[in-house]
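Here's the structure, in structure tokens; my notes come after.
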Amino acid sequence: MFRPQAIAVLPPMASQYDSAREDIQEVLSGALNKTANIEHVVSPENVTDIFQASKEAFDALVFYFSRLEMTGQSDKDSAVKLGKALNVDSFIVVRVNSWEYMRKEGDNVGRVGLSLRLVDATTGTTVWKARHERSSSYMFYRPNLKDVAKELAAEMIKAMPPQAKQ
């Protein structure tokens, strides 16, 4: 059974919701620290520092994302390079699918949608992936989308292997 000891949340893949990138990385790292059965979660700040300090790590990230976009598959070589650069045995690839306020069936809603992919950084294998969305309706006061994201992330991380602490 796949039991990662150290994990990093990669910067979210580019999407139309780039304004949510930092919040999502922080929310997911927090959810992993709280609920996942993993010894070490690399902070978003440390992940950013590593990519800024190492051209090789940054190039591996760019190549990994472009291969994932083109083929839908995790690239083994760049996944292993990312794992070594981040000093982790697994990482999470994130795409923000929605991060918005809208009208839905006559109601005002704040909506957050995420796609997550857990990758074994020692083999490049995708171990688990999920896509989910959460909405919060409101009348006068908009919900904070980061709070909606925290609920969604906690729910998704609980379903991720290894199973969360009880």
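Each value in this text was obtained by applying a stated rule to the coordinates, not by laboratory testing. The shown structure was predicted, so the numbers you read here are calculated from the model rather than taken from an experiment. Reconstructed Cβ throughout: ideal geometry from the backbone, glycine too, with neighbour counts over all protein chains shown.
Once you have a ≥ b ≥ c as the square roots of the Cα gyration tensor eigenvalues for the stretch 67-119, tell me rounded if a/c is under 1.5, and otherwise prolate or oblate according to whether a/b is larger than b/c.
The shape class here is prolate.
Mind listing which trypsin sites (Lys or Arg not before Pro) in the stretch 1-103 are in a DSSP loop and have 12 or fewer other Cβ atoms within 10 Å?
Working: sites: 21, 34, 55, 67, 76, 81, 84, 95, 103; in loops: none.
Filter output for the stretch 1-103: empty list.
Tell me which chymotrypsin sites (Phe, Trp or Tyr not before Pro) from the stretch 85-166 have a DSSP coil assignment and no more than 13 other beta carbons within 10 Å of their own. Intermediate values should be presented prior to the final figure.
Values: sites: 91, 99, 101, 128, 138, 140, 141; in loops: 140, 141.
Listed in order of number, the matching sites are 140, 141.
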Legend entry - Over the stretch 6-159, relative contact order from alpha-carbon pairs under 8 Å, at least 6 apart, %: 25 percent
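Listing 129, 104 from the residue with the fewest other Cβ atoms within 10 Å to the one with the most, what is the order? Spell out each step's value before the answer.
On the way: 129 14, 104 10.
Listed from fewest to most nearby Cβ atoms, that is 104, 129.
Check each of the chymotrypsin sites (Phe, Trp or Tyr not before Pro) in the stretch 1-68 and keep only those in coil by DSSP with at most 16 other C-beta atoms within 10 angstrom; list them in order.
Values: sites: 2, 17, 51, 58, 63, 64, 65; in loops: 2, 17.
Of the chymotrypsin sites (Phe, Trp or Tyr not before Pro), the ones in loops of the stretch 1-68 whose Cβ has at most 16 other Cβ atoms within 10 Å are 2.
Which order do the peptides 37-46, 3-12 take when ranked by the mean count of other beta-carbon atoms within 10 Å per residue, highest first?
On the way: 37-46: 16.2, 3-12: 20.3.
Ranked from most to least packed, the peptides come out as 3-12, 37-46.
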Legend entry - Correct option for mean projected area of the Cα convex hull in nm² [calculated from the coordinates] among [x] 9.1; [y] 11.3; [z] 10.0: [z]
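Please rank 26, 105, 133, 56, fewest neighbouring Cβ atoms within 10 Å first, as an exposure proxy. Display every interim value, and only then the final one.
Working: 26 18, 105 6, 133 13, 56 10.
If I rank by nearby Cβ atoms, fewest first, I get 105, 56, 133, 26.
Using +1 on the beta carbon of Lys and Arg, -1 on that of Asp and Glu, and nothing else charged, what's the dipole of the stretch 6-159 about the Cα centre, debye to 20?
Details: 19 positive and 21 negative charges, 68 e Å.
Here the size comes out at about 320 debye.
Gain in length, residue 33 to residue 100, computed as 0.36 nm per residue apart minus the alpha-carbon separation, to one decimal in nm? If you can, show how the numbers build up before the last one.
On the way: separation 67, 0.36 × 67 = 24.12 nm, distance 2.59 nm.
Value of the extension gain: 21.5 nm.
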